[in-house]
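Only one structure is covered here, and it is reproduced in the block below.
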Amino acid sequence: MPTTIFEEMSLLARATGAINLGQGFPDGPGSSDLLQAAADAVLTGSNQYPPSMGLPETRRAVARHYQDHQDLDVEADDVLITSGATEAIAAALLAVISPGDEVILFEPTYDAYLPLVLRAGGAPKFVTLRPPDWRLAIEDVAAAVGPKTRAIVFNNPMNPTARAFDQTELAALAALCIDHDLVAICDEVWEHVLFDGRRQLPLIAFEGMAERTLKIGSAGKIFALTGWKVGFVLARPNLLGPLARAHQFLTFTTPPNLRAAVAFGLGKPAAAFETMRADLQRSRDRLASALAAGGFSVLPSEGTYFLCIDLAASGVVGADREICLRWVREAGVAAIPLSAFYASGHQPGDVVRLCFAKADAVLDDAAQRLIRWRQGAS
Ligand code: GLN
């Protein structure tokens, strides 16, 4: 199996000294009160195994957070703490899939999903979304569903497209899951990173979905501390129980100190989350407008740390991967080619992803480098 595109581009950025707008991580230190809470918990709290389901206070904090922010009717017992969302997705697939079951994946597909589906013995069925609007066409999903289909893996807001699906698309998807008795494995790690006044619409809240949805979240994206790897799963006992059995032999548990800090962070006032969104939205607009002024065709970004560029519409000729390899060496900017997220062979055009969760000066410098490169190349 090849190295992930994120690791490949980050290593190239380090080797060449390029600005790294590839792998999605913020360049700030994180909020000092959370860091202090983690440090205090290391020094004064327990450093022994927490329970496999998670510390009761962390599970309570996650449940309360979802009650407050998404109006979900959940209890601490509906929550399991994992080592990041990727572990939660692995455990979900191992719990839900039997060998030979088919799983619907939406392309461009976040890189971890396909290998994890295959390792669980599942057979992927791809539904391809298309730029510039990346709409979810329910007839395409219906066409991919067959008698062996067991689950969908659904990322909303979606990485790498930066799409936040709307009420109509979600209602249609929920109805389809119910009609075909499918389990929805919902990767909602970007649930707080939404722009232009959008609010998360969790699929688990749609009528008839509570018993068939595993909702996955992560502190890494909520608090801009991607290395912490504290994830959580919300589900009813019929799904959470089997997932817990898979989780106990993957990582069993995750560091208690970081969970204590996450529990503190999840209880912060709503204004803290609004500020985070507003700051990121400003960064998105700063990079998007600089690139657009320099002749790049920037696709809309409704959520996540990312925006995408349509290469052909920007007058840049070449395959997205080849352009990213040239950019890192010739322009000094690392980006992510969306071709890394297509396995079906139906990639609709060459698109690259840039991470804007960076300081203004870094974004300005990166935009100027790309604009200079484009002028030199055309
Ligand atoms: N989620 C990160 C991104 O989309 C990548 C995480 C990783 O490197 N595995 O950039």
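The values are calculated or read from the model by the stated rules, or taken from the named source; none is laboratory data. Everything quoted here is computed from the prediction, not taken from an experiment. Positions of Cβ are generated from backbone atoms using ideal geometry, with glycine treated the same way; all protein chains shown enter the neighbour counts. Each accessible area value is taken on the protein alone, full model and side chains, heavy atoms only, with ligands, DNA and RNA left out. Shrake-Rupley method; radii C 1.70, N 1.55, O 1.52, S 1.80 Å.
Below are the figures for this structure:
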| read-out | value |
| --- | --- |
| Accessible area expressed per residue, the stretch 250-316, with surrounding protein chains retained (probe 1.4 Å, Å²) | 37 Å² |
| Net charge over other residues, Cβ less than 10 angstrom from the Cβ of residue 122 (K, R count +1; D, E count -1) | +2 |
| Accessible area in square angstrom per residue, the stretch 132-227, 1.4 angstrom probe | 34 Å² |
| Sequence of 125, 215 when ordered by accessible area, the most exposed leading, probe 1.4 angstrom | 125, 215 |
| Distribution of pairwise C-alpha distances over the stretch 228-378, 5 Å bins, in % | 2, 8, 14, 15, 13, 11, 12, 11, 9, 5, 1, 0 |
| Eligible lysines near residue 221 by straight Cα distance, threshold 19 Å, same-chain separation 8 or greater | 229, 268, 358 |
| Low-density loop positions, trypsin sites (Lys or Arg not before Pro), the stretch 290-345 - DSSP coil, at most 15 other Cβ in 10 Å | none |
| Carbon + sulfur, % of accessible area of the chain - ligands and nucleic acids excluded, 1.4 Å | 53 percent |
| Within the stretch 228-287: Cβ-based charge dipole about Cα centre, in debye rounded to nearest 20 (Lys, Arg +1; Asp, Glu -1) | 80 debye |
| The stretch 216-301 - Rg and Dmax from Cα coordinates, angstrom | 18.2, 53 |
| Estimated dipole of the chain in Debye, rounded to 20 [Cβ of Lys and Arg +1, of Asp and Glu -1, Cα centre] | 740 debye |
| Coil-residue chymotrypsin sites (Phe, Trp or Tyr not before Pro) of the stretch 196-291, DSSP, other Cβ within 10 Å capped at 11 | 249 |
| Dmax and Rg, reported as Rg then Dmax, of the chain (C-alpha, Å) | 20.3, 60 |
| Most mobile of 334, 15, 85 in a GNM of the chain (Cα contacts under 10 Å) | 15 |
| Compactness of the stretch 282-325 as Cα Rg over 2.2 N^0.38 Å, two decimals | 1.18 |
| Set of lysines near residue 125 by C-alpha distance (under 26 Å), chain-local residues within fewer than 8 positions excluded | 148, 215 |
| Cα-centre dipole for the stretch 183-231 with unit charges at Cβ (Lys and Arg positive, Asp and Glu negative), debye to 20 | 140 debye |
